[in-house]
Amino acid sequence: MSWFKRRKDKKDPTRPGPAEGQDQSPEEEDSGPDQEPPIDLEAEPETEPQIEPVPEPSLETGPELQADLEAQGETPPEEPEPAGGDQGRRGIFGRFRRGLSKTRQGLKHQIDALFSGRAQVDEDLLEELEELLITADLGIEAATSLLEELRQKIRKGRLTDPDQVKAALKESFLEMLRSVRTGDQEPVQGLEVVLVVGVNGVGKTTTIGKLAHLWIKEGRKVLLAAGDTFRAAAGEQLEIWAERVGADIVRLQPGADPSAVVFDALDAALARKMDLVLVDTAGRLHTKVNLMEELKKIRRVMDRKIPGAPHQTLLVLDATTGQNAISQARLFNEATPLTGLVLTKLDGTAKGGIVAAVSNLIGQPVRYVGLGEQMEDLREFDPEAFVEAVL
């Protein structure tokens, strides 16, 4: 029996509702459980999405752009770096724990409160746990799957008390994240091309700059392609990032054909013997159809110039947008085959379930997560560290 059917058939006025400030449970929504929240690719924020503040005074950004850049930023972790720096697995756990402190305070503390004082496992406990997971942006399908797995273990007598249920939930959540991991990317012989897609406002340009910084630190020569010619400030922002991290850049005038930018960028990268090209793309065109057709055209140009390109296609999502991010993942995955996800502003949400929800939806792993506003705060995603940090 589905969670919604059980809740409809069983109303207990004495049971408390969601905590103050917690999202409504799905049965209270007017739209019903099967209706997805709308996604509007055409809507832009009142102010254009900007990259995080650029502290170097030597960069000539201009007063208007500089003001916009200073308005952008993510919530920095409150806990300080430990003395001596992080090393190895312990360091990875520590970084995720600090960056996900808000998620931990939301999800883990709610689960602890739910199990507190319970002496036995009953259906009421499981129903409330399922509701909690859904409101944590895990999604109906994933939450139902997790709870059904717990019920089967309870029927077999493997789980007899709440502490065992909590431990089993943690194990099942980790297995869900591991199940869509496709392993490390195969090494690319020659020039590697990475296409970055996503709607406006998710931090796509900032993410490209941070990715470039990450790969330049590994000793790779990186070139940025300013393929977002639709948004006036996008090329200038990417140029600031290129100067900041020490990458090359190819950009044309605003309004130019994005495919022409990509073609010129690949030409330049081959001539300069670069290792990797990061391609920015528009997050909005006149219609959704135009946006997706433009991405398909860019891919065709890449493949003609360098057979097999793009070698990676990363979708950038804002973790704080919840179910709307899931809708975006579905739409982009239909238009262009994705190889991975980047979740920005994960440190700014208390709902960590979005990580598993979007990953399971498209069958591709979350590869990078944004855990703060600094360049070093874009981290490779580690399922074990994530689950340890939030549960």
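The values are calculated or read from the model by the stated rules, or taken from the named source; none is laboratory data. Everything quoted here is computed from the prediction, not taken from an experiment. Here Cβ is always computed from backbone atoms with ideal geometry, including for glycine, and neighbour counts include all displayed protein chains. Each accessible area value is taken on the protein alone, full model and side chains, heavy atoms only, with ligands, DNA and RNA left out. Shrake-Rupley method; radii C 1.70, N 1.55, O 1.52, S 1.80 Å.
Observations, loosely collected:
- Against the numbered list (1) open to solvent by 60 Å² or more (accessible area, probe 1.4 Å); (2) over 22 Å from the mean Cα position of the chain (by Cα); (3) touching a residue at least 12 places away in the same chain (Cβ under 8 Å), K288 comes up short only at (2).
- G340 meets all of the listed conditions (1) open to solvent by less than 10 Å² (accessible area, probe 1.4 Å); (2) in contact with a helix residue (DSSP H, G or I) (Cβ under 8 Å, 6 or more places away or on another chain); (3) not acidic (D, E) but one, namely (2).
- In the stretch 153-193, of all residues being closer than 26 Å to T349 by Cα and open to solvent by less than 20 Å² (accessible area, probe 1.4 Å), the one that is farthest from the chain's Cα centre (by Cα) corresponds to V165.
- Scanning the stretch 210-232 for residues that are open to solvent by 10 Å² or more (accessible area, probe 1.4 Å) and within 25 Å of M292 (Cβ to Cβ) turns up T229, F230, R231, A232.
- Pairs with Cβ under 7 Å, 6+ apart, first in the stretch 156-182 and in a helix (DSSP H, G or I), second open to solvent by 50 Å² or more (accessible area, probe 1.4 Å): P162/R118; S172/E149; L174/E384; M176/N360
- Residue match in the stretch 297-315 (condition: within 29 Å of T103 (Cβ to Cβ) and under 13 Å from the mean Cα position of the chain (by Cα)): yes
- Scanning the stretch 87-111 for residues that are at pLDDT 70 or above and open to solvent by 50 Å² or more (accessible area, probe 1.4 Å) yields R97, K102, Q105, H109, Q110.
- Selected residue (only one of L331, L341 is outside any loop (DSSP other than H, G, I, E, B), under 13 Å from the mean Cα position of the chain (by Cα) and touching a residue at least 24 places away in the same chain (Cβ under 8 Å)): L341
- Residue in the stretch 184-193 that is over 28 Å from A142 (Cβ atoms), at pLDDT 90 or above, in a loop (DSSP other than H, G, I, E, B) and in contact with a helix residue (DSSP H, G or I) (Cβ under 6 Å, 6 or more places away or on another chain) present: yes
- Looking across L314, L266, one residue alone is assigned to a strand (DSSP E or B), touching a strand residue (DSSP E or B) at 6+ places or on another chain (Cβ under 8 Å) and in contact (Cβ under 8 Å) with a residue 40 or more places away in the chain. It is L314.
- Test for V121: is it under 22 Å from the mean Cα position of the chain (by Cα) and in a loop (DSSP other than H, G, I, E, B): no
- Neighbours by Cβ (under 8 Å, 6+ apart or cross-chain): first from the stretch 97-118, closer than 16 Å to K345 by Cα and acidic (D, E); second modelled with pLDDT of 70 or more and not in a helix (DSSP H, G or I): none
- So I249, is it buried (at least 20 other Cβ atoms within 10 Å of the Cβ), touching an Asp or Glu at 6+ places or on another chain (Cβ under 6 Å) and under 16 Å from V342 (Cα atoms): no
- Residue match in the stretch 131-152 (condition: over 23 Å from the mean Cα position of the chain (by Cα), of a type in the set (K, R) and closer than 19 Å to L391 by Cβ): no
- Complete set of residues in the stretch 346-391 that are of a type in the set (A, V, I, L, M), under 11 Å from the mean Cα position of the chain (by Cα) and either part of a loop (DSSP other than H, G, I, E, B) or closer than 19 Å to I140 by Cα (or both): I354, V355, A356, A357, V358, L371
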